[in-house]
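Below you'll find the structure, written out as structure tokens, and then a few comments.
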Amino acid sequence: MSFTFVSDHLALDFAATVAWRTTQHKELLAEPEDFARWAAEARVVDCLEAVSQADLSQAHMLREAIYRLSLAASEGEPADPRDIARIRQAAARPPVRPVLQALGQVERRGGVQEVLATVAATASELLGGPDRLLIRHCAGEPCTRLFIDRSRAGTRRWCSKRSCGSRINAAAYRRRTREDEQA
């Protein structure tokens, strides 16, 4: 299984490692190996080894803090200071280090703590800056993904035109076709 990266932000893609939070809750980081695979697929590091169950638990706690704060930002709700403290604490550690290998080739090195620090730092930039006002909640049912709306009009409704947008548009087309046949 591959992960989907459509939120237009690393921290929001990390928060989306729980799919369908309110309906068919699906944990995508069920095992330590899943977190290692996500970190590599997200291009945070080239390879992440030796992820323990405790590391995975830390990742889950950071992810949930990012999700709650991002959701609060999207809905104009107040932030929980405990979530801010969790992100601040994780971001205080050294991040993943990019190492230039050759022209056009970089190696990203780090362990679990460096990956979490990198994700927390990107979440800090997002939630502490003006882009927090661009966080939206996908209108597709049962999707619960958050994304950055960088559309010119600021009216993007779906996390992905290919998945949620296509599903909604197809359902609307079927409904209109059915209504036309009944008229």
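The values are calculated or read from the model by the stated rules, or taken from the named source; none is laboratory data. The model shown is predicted, which means the values in this text are computed figures rather than measured ones. Cβ atoms come from the backbone with ideal geometry, glycine included; neighbour counts cover every protein chain shown. Protein only, heavy atoms only, side chains kept; ligands, DNA and RNA dropped before computing areas. Shrake-Rupley method; radii C 1.70, N 1.55, O 1.52, S 1.80 Å.
For the structure I just gave you, tell me whether Glu75 is touching a residue at least 40 places away in the same chain (Cβ under 8 Å), farther than 21 Å from Asp13 by Cα and of a type outside the set (Lys, Arg). Outline the logic, then answer.
Details: touching a residue at least 40 places away in the same chain (Cβ under 8 Å): yes; farther than 21 Å from Asp13 by Cα: no; of a type outside the set (Lys, Arg): yes.
For Glu75, the condition - touching a residue at least 40 places away in the same chain (Cβ under 8 Å), farther than 21 Å from Asp13 by Cα and of a type outside the set (Lys, Arg) - is not met.
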Test for Thr4: is it touching a Pro at 6+ places or on another chain (Cβ under 6 Å) and under 25 Å from Ser160 (Cα atoms)
no
Just give me the residues in the range 35-54 being at pLDDT 95 or above, surrounded by fewer than 19 Cβ atoms within 10 Å (Cβ to Cβ) and farther than 16 Å from Ser2 by Cα, in sequence order.
Ser52, Gln53, Ala54
Taking the range 113-143 and keeping only residues that are open to solvent by less than 20 Å² (accessible area, probe 1.4 Å) and within 11 Å of His9 (Cα to Cα), one is left with Val119, Ala123, Leu126, Ile135
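Return the residues of the range 10-31 that are open to solvent by 10 Å² or more (accessible area, probe 1.4 Å) and either part of a helix (DSSP H, G or I) or modelled with pLDDT under 90 (or both); say none if nothing qualifies.
Those that are open to solvent by 10 Å² or more (accessible area, probe 1.4 Å) and either part of a helix (DSSP H, G or I) or modelled with pLDDT under 90 (or both): Leu10, Asp13, Ala19, Trp20, Arg21, Thr22, Thr23, Gln24, His25.
Of all residues in the range 68-93, which are open to solvent by 90 Å² or more (accessible area, probe 1.4 Å) and touching a helix residue (DSSP H, G or I) at 6+ places or on another chain (Cβ under 9 Å)?
Arg68, Glu77, Pro78, Arg82, Arg88, Gln89
For Pro142, indicate whether it is in a loop (DSSP other than H, G, I, E, B) and at pLDDT 95 or above. Reasoning before the result, please.
Details: in a loop (DSSP other than H, G, I, E, B): yes; at pLDDT 95 or above: no.
Against the criterion (in a loop (DSSP other than H, G, I, E, B) and at pLDDT 95 or above), Pro142 does not qualify.
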